[in-house]
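These notes are about the structure you will find just below.
The values are calculated or read from the model by the stated rules, or taken from the named source; none is laboratory data. What you see is a predicted model; the values in this text were computed from it and never measured. Don't worry about glycine lacking a Cβ; one is built from the backbone with ideal geometry, like all the others, and counts go over all protein chains shown.
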Amino acid sequence: MNEQINLLVENIEKVIVGKRDAITLAVAALLTEGHILVEDVPGVGKTQLAAALAKSVDGSFSRVQMTPDIMPSDITGFSMLDRETGKFEYKKGAAFCNFLLADEINRASPKSQSALLEVMEEHQVSADGETYTLPRPFMVLATQNPVETYGTYHLPEAQMDRFIMKISMGYPDAAEEISILGRNEYENPLNNISSVLTTKDIIDLQEKVKKINAAENVKNYIISLVNATRCDEGIKLGVSPRGSIALYKTAKAWAFINGREYITPQDVKDLCVSTLAHRIMLSPKGKSIYETAENALESIMKKVAVPAE
């Protein structure tokens, strides 16, 4: 593993126990300048992961509790009349940070959810005819509880497609949970970690990831996987071109994390489910065949020919 990435992952592991795969995926998303949706039951460390990542790279961190009464202006900002000058002055919202945690995103109204669309795609805010650029690096980490549906709003497909990955934490095993009890006995372990990288380091790493090479057969493999989702009779909505770009980017990040200057087909396979599962919709027939989008992608990967290394 890349030395700087390993240092970052190990620092986050001081807070999040036994979830190295989820942590590494979150770091991979950061390296692509993408955003992640962490979907899991309450209490497994979703919020802690976001806070630990921000603190580990010395980035500014904002948390928005996405309740039904939150306004879009709370996220993007608003213009206010300055009585002394008689002019409108723009007040920046929570989005003006390096790491924005949208906690329980599916509890916010569709209007407030839509305030994140431009923020996530263009990394900017448009208000009153002006455009305001967000700082770099910028990452949205959204959480949602898949079990509780009362008082929630379904995330539209356009919103889901903006997340480069969807990951889950999962329950710890018995040994890991004993370790968690020990770490939280006296105080929150988040208080005991410090930054190991700077925001400039992250920007430099993001630029290096862009230079990772991919052979034509690997690119064709990505397109073959994506096209297979569009032709499968069990899938109602296949992966969009944004999805194929996302898989290409995450595979580059995965190669970089593993110390290589080129993508392998295995990188694509490793990131396929995390990057594409939330972008497809199963048909009624598909739900009976596959049950989940993850299973559908696993089936497609078995059918699509893997190119030689």
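Filter the range 267-292 for residues that are within 19 Å of Ala22 (Cβ to Cβ) and not charged (D, E, K, R) and give the result. Leu271, Cys272, Val273, Ser274, Thr275, Leu276, Ala277, His278, Thr292 - these are the residues of the range 267-292 that are within 19 Å of Ala22 (Cβ to Cβ) and not charged (D, E, K, R). Within the range 89-113, the residues that satisfy the criterion of being charged (D, E, K, R), farther than 16 Å from Glu39 by Cα and not in a helix (DSSP H, G or I) are Glu89, Lys91, Lys92.
Please find, within the range 249-303, the residue that is nearest to Ala29 (Cα to Cα) out of those that are of a type in the set (Val, Ile, Thr) and within 21 Å of the chain's Cα centre (by Cα).
Within the range 249-303, the first condition is being of a type in the set (Val, Ile, Thr), and the residues that meet it are 250, 257, 263-264, 268, 273, 275, 280, 289, 292, 300.
Applying the additional criterion that residues be within 21 Å of the chain's Cα centre (by Cα) yields 250, 257, 263, 268, 273, 275, 280, 292.
Numbers: Thr250: 7, Ile257: 11, Ile263: 16, Val268: 14, Val273: 14, Thr275: 9, Ile280: 19, Thr292: 23 Å.
For the range 249-303, the residue satisfying everything is Thr250.
Report every pair of residues separated by at least 6 positions or lying on different chains whose Cβ atoms are under 8 Å apart, first residue within the range 8-20 and outside the structural domain of Ser168 (by TED's automatic domain parsing), second among the β-branched types (Val, Ile, Thr). Short answer, once both residue conditions are applied: none. Residues that are of a type in the set (Asp, Glu), in contact with a strand residue (DSSP E or B) (Cβ under 8 Å, 6 or more places away or on another chain) and surrounded by 10 or more Cβ atoms within 10 Å (Cβ to Cβ) do occur in the range 152-165. Going by what's in this entry, would Ile36 be described as in contact with an Asp or Glu (Cβ under 7 Å, 6 or more places away or on another chain), within 30 Å of Lys208 (Cβ to Cβ) and among the β-branched types (Val, Ile, Thr)? The answer is no for Ile36. Of all the numbered requirements in (1) part of a helix (DSSP H, G or I); (2) surrounded by fewer than 18 Cβ atoms within 10 Å (Cβ to Cβ); (3) β-branched (Val, Ile, Thr), Thr47 misses one, and that requirement is (2).
Criterion applied to Leu116, Leu81, Leu141 was being assigned to a strand (DSSP E or B), assigned by TED's automatic domain parsing to the domain that holds Asp69 and surrounded by 12 or more Cβ atoms within 10 Å (Cβ to Cβ), and the one residue passing it is Leu141.
Scan the range 164-195 for residues that are at pLDDT below 95 and in a loop (DSSP other than H, G, I, E, B) and the total you get is 14.
Looking across the range 272-309, the residues that are among the β-branched types (Val, Ile, Thr) and closer than 13 Å to Ile235 by Cβ come down to Ile280, Ile289, Thr292, Ile300.
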